[in-house]
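The structure under discussion appears below in the form of structure tokens.
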Amino acid sequence: MSIVDSVTKAMVPIHREGWPFIAIALVATLVVGWFIDPLFWIGLFFTGWVCYFFRDPKRVTPVGEGLVISPADGVVSHVGLARAPEELELGAEPLMRVSIFMNVFNCHVNRAPVSGKITRVAYRAGKFLNAELDKASDDNERNGVVIDTGETRIGVVQIAGLVARRIVCFVREGEPISAGDRFGLIRFGSRLDVYLPVGTQPKVALGQIMIAGETVLADLRQQQAPAQVLTRVS
């Protein structure tokens, strides 16, 4: 294998949503660097970070009946019962919610947690509080997607954060989607909430690192009373 082949295979694709930002960062770097040489290197570093932020790596998604896959890279910041946003029309009763917080260094391409039909896409304007706060689910700008698996409905909510100022959703109501498919992106730090049926036992714990399209959040075939997930840090 040649060096060129090795480098090519090691390179991670960049999502199309990132190209305008990369172009702006590069042009700004060249213009500023023309007048102030030290700023050229700072701008070049920043341009590289923008490329890194909008990376869109391939993922290997587990396929199986009842499996719910993580829709985002990041850290589990909440596991427990909570009411879904009204605009999702999932009812007033508390559902099992798993929240995943993404910092500015995580890959921000969001993926579908289950396969099914998109029955609801609802955007709601709001604040830009720290996405790690629990109240961010209610107060922050967000975009919700409901996927009907044929047996149940799963809600996924993209939530803006302190730095995030743009939620992008690629899908529309009525479209089919498969687990692991890309459905959206949030720019520069944010959070995703996944709402599961009551009785679902999550297979993740607080502080656990998630990989979008790969980490299994839950198995809908194994529903039981919520219990504390045992973990250890090593």
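Couple of notes before you dig in:
- Among the residues of segment 125-135, not a single one is among the basic types (K, R) and closer than 28 Å to D181 by Cβ.
- The listed residues are G199, G150, G213, and the only one of them that is open to solvent by 40 Å² or more (accessible area, probe 1.4 Å), at positive phi and not polar (S, T, N, Q) turns out to be G150.
The values are calculated or read from the model by the stated rules, or taken from the named source; none is laboratory data. Here the structure is a predicted model, which means the values were calculated and not measured. Note: ideal-geometry Cβ built from the backbone for every residue, glycine included; neighbour counts use all protein chains shown. Heavy atoms of the whole protein, side chains included, go into the accessibility calculation; ligands, DNA and RNA do not. Shrake-Rupley method; radii C 1.70, N 1.55, O 1.52, S 1.80 Å.
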